[in-house]
Amino acid sequence: MPAPVSSVEAVEHFDALAAELGDPAIARGRMMGRLTLTRAGTMFACLNGDELGLKLGAGTPEHAAALAVPGAELFDPSGKGRPFRGWVSLPLDAAEQWLLVAGDALAFVAADE
């Protein structure tokens, strides 16, 4: 199954995240055709079409807060009802929240180092 195509607007918002987060350990890459952000080799953000998936940790307050964003749902890049554990997907309509939640995701993966 090919990766969904992302709009120019979604890619622009995604590309701005790494710079705005300000962590030199962040790397932009691709996994299974999708744009990703990693820190020290651990993926914490993934652009799936026009939705941003973020690793926040199942059961954390940050995970619950992200799910409360209008249009948010569990991140299921396959679309087959198998969401990634501890990940949340935010729609492009909520792009104003992407940076805040991406900061939480970055802090979550940095804490595991």
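The values are calculated or read from the model by the stated rules, or taken from the named source; none is laboratory data. The structure presented is a predicted model; accordingly, all values stated were derived computationally and were not measured. Because the Cβ atoms are built from the backbone with ideal geometry, glycine has one as well, and the counts that use them run over all protein chains shown.
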Is it true that THR36 is within 13 Å of the chain's Cα centre (by Cα), within 19 Å of LEU99 (Cβ to Cβ), modelled with pLDDT of 95 or more and of a type outside the set (Phe, Trp, Tyr)? yes
How many residues are of a type in the set (Asp, Glu) and out of contact with any Leu (no Cβ under 7 Å at 6 or more places or on another chain) if we restrict to the range 1-25? 2
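Grab the strands (runs of 3 or more DSSP E) fully contained in the range 37-98, keeping just those with 2 or more residues being crowded, with 18+ Cβ neighbours inside 10 Å and touching a residue at least 60 places away in the same chain (Cβ under 8 Å).
Because the criterion is at least 2 residues that are crowded, with 18+ Cβ neighbours inside 10 Å and touching a residue at least 60 places away in the same chain (Cβ under 8 Å), the strands (runs of 3 or more DSSP E) in the range 37-98 that meet it are 42-48.
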Looking only at the range 99-113, count every residue that is in contact (Cβ under 8 Å) with a residue 60 or more places away in the chain and surrounded by 17 or more Cβ atoms within 10 Å (Cβ to Cβ) and tell me the total. 6
